[in-house]
Amino acid sequence: MFDNSADVGNWQPTVLVLDAESGQTIFTVDLNSDPALAKFKLGYPHAITEARDIRFSPDGKLLAVGTNQGQVKLFDSQTGQLIRSLDDERGRMADKNTTTDQNAIARAIGHVASLAFSPDGTCVMSSSKGEGGSVAFWNANTGRELVRLPVSGGFGGCVAFSPQGDTVICGTEDGVVTLWDVVSGTELRTLAK
């Protein structure tokens with residue numbers, strides 16, 4: 001559940017995981033708990049961290065949370081314990097559009113637009129929103145980036161794996177849909193409106 005209240009005074013940078021039957025909170029994830037993010041917020045007090053996408057792994061053991069700050073965090077879905085943060089250290093250090101304080105935050109990709117797990121749960125795919133959009137593939141067990149593909153049109157959007165896991169698709173804000181072969185990274189087809 002996203003806790004994005006219309007009343008900014010009540011807004012909290014949290015993700016609540018609820019029991020489907022009782023509606024009771026199982027655990028809460030505080031998106032501002034990262035010390036580097038807290039330091040960044042001292043210089044930019046109005047900066048908001050929001051969950052942009054949330055996905056359970058196919059086996060239900062992991063919860064992936066992607067934020068507008070570019071963070072992708074994997075949590076234990078039963079306890080809420082952070083397992084790992086996906087980090088494109090080389091990319092964030094080379095990014096000339098962000099501050100030194102923001103570059104200290106482990107970030108997987110630009111502003112997260114969408115997340116998806118492969119059908120076998122071994123891979124997490126993330127897409128970035130904004131100029132220079134891309135789709136990145138991460139090993140869910142190690143957090144290592146496997147490959148990054150540019151998005152046609154440059155604005156990453158929703159992503160999904162095919163049921164067999166051999167093809168991925170990305171739809172962008174400007175109406176471009178791209179399909180890739182997972183093994184080779186070859187673009188199979190691009191459709192534009």
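If you scan region 144-193, which residues turn out to be hydroxyl-bearing (Ser, Thr, Tyr) and in a strand (DSSP E or B)? Quick ask: steps written out before the conclusion?
Initially, region 144-193 is screened for residues hydroxyl-bearing (Ser, Thr, Tyr), giving 152, 162, 167, 172, 178, 184, 186, 190.
Residues satisfying the conditions are THR167, THR178, THR190.
Every residue in region 56-80 that is crowded, with 19+ Cβ neighbours inside 10 Å and among the charged types (D, E, K, R), please.
Once the filter is applied, which keeps residues that are crowded, with 19+ Cβ neighbours inside 10 Å and among the charged types (D, E, K, R), region 56-80 yields only LYS73.
Restrict the check to region 47-65 and report whether at least one residue is in contact with a Pro (Cβ under 8 Å, 6 or more places away or on another chain), modelled with pLDDT of 70 or more and among the β-branched types (Val, Ile, Thr).
Yes, that holds for at least one residue.
The values are calculated or read from the model by the stated rules, or taken from the named source; none is laboratory data. Bear in mind that the values here come from a model prediction, so they are computed numbers and not experimental data. Methodologically, a virtual Cβ is constructed for each residue, glycine included, from the backbone with ideal geometry; neighbour enumeration extends over all protein chains shown.
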